[in-house]
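Each value in this text was obtained by applying a stated rule to the coordinates, not by laboratory testing. Nothing here was measured: the structure is a model prediction, and the numbers come from that model. Neighbour counts are summed over all protein chains in view; Cβ atoms, including those assigned to glycine, are modelled from backbone coordinates with ideal geometry.
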Amino acid sequence: MDTFDDVLEAVGPRLRMLRAERKTTLAQLSESTGISVSTLSRLESGQRRPTLELLLPLARAHQVQLDELVDAPPTGDPRIHAKPIKHHGVVHIPLSRRPGGLQAFKQILPEGWPGGDVVQKTHEGYDWIYMLSGRIRLVLGDNDFMLTEGEVAEFDTRVPHWFGNPGPGPAEALCLYGPQGERMHVRARTR
C-alpha cells in the first residue's frame, strides 16, 4: 500500500501527463488557473508539494475529478447519482461522472423550446443525439431534419447548427458531447 508521501509524489507526473494529453503549455495552464508558471513547473517535477489550493484549480482546468489527480482508491460504487440541471428551460441529467472528454446526458426539451427564430451557432466539438421520445428539429448548415424516436444524429459543431422542439409535447434525447473534435461515428442522413 502506498504511503501518503508516495501518493503526493505521484501527483506531479500525473499533472504533466494530463497537460501533455491536452496539448496545453504551462503558460496556458497558468492563465486558466492563476497559478504561476514556475509553481506549475515545480509541481510537475515534484519540487513543490501539492496542496488543495493548487489541486482544485488544476482539476477544474484539466476537467477531471480531484481524486483522479491524487489517484484516490475507488469507492467501489459504480452508480452515478445524477442531479438534474435546468439550464435555459432544458433539463440536463448527467449520465457520466468525468467532466472532461466525452460527456453523456439525458436532455428533456419542453415543447416549443427554444422559441423565436432559427439562429445557427458554431463551436468546437461534436454532438451526438439519440431520440428517446418526441421530436427535435435540427437545422445543420443548409439542411433541415426532423429527428424522431429511435433516430440518431451526429455532427461537427463547427458546422452552423440549431435545434429545437416543435412539439407536440416534450422531447427526450440521450446526448454525447465531445469537446476538441472527439467523434462518436454515427451519421444522420438527409431525408
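Summary table
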{"item": "Dipole of segment 85-181 [Lys/Arg +1, Asp/Glu -1 at C-beta], most positive-end residue of A104, T157, G167", "result": "A104"}
{"item": "Protection proxy ranking, peptides 138-147, 157-166, average beta carbon neighbours within 10 Å, highest first", "result": "157-166, 138-147"}
{"item": "Net charge, E149 excluded, C-beta distance under 15 Å - Lys, Arg +1, Asp, Glu -1", "result": "+1"}
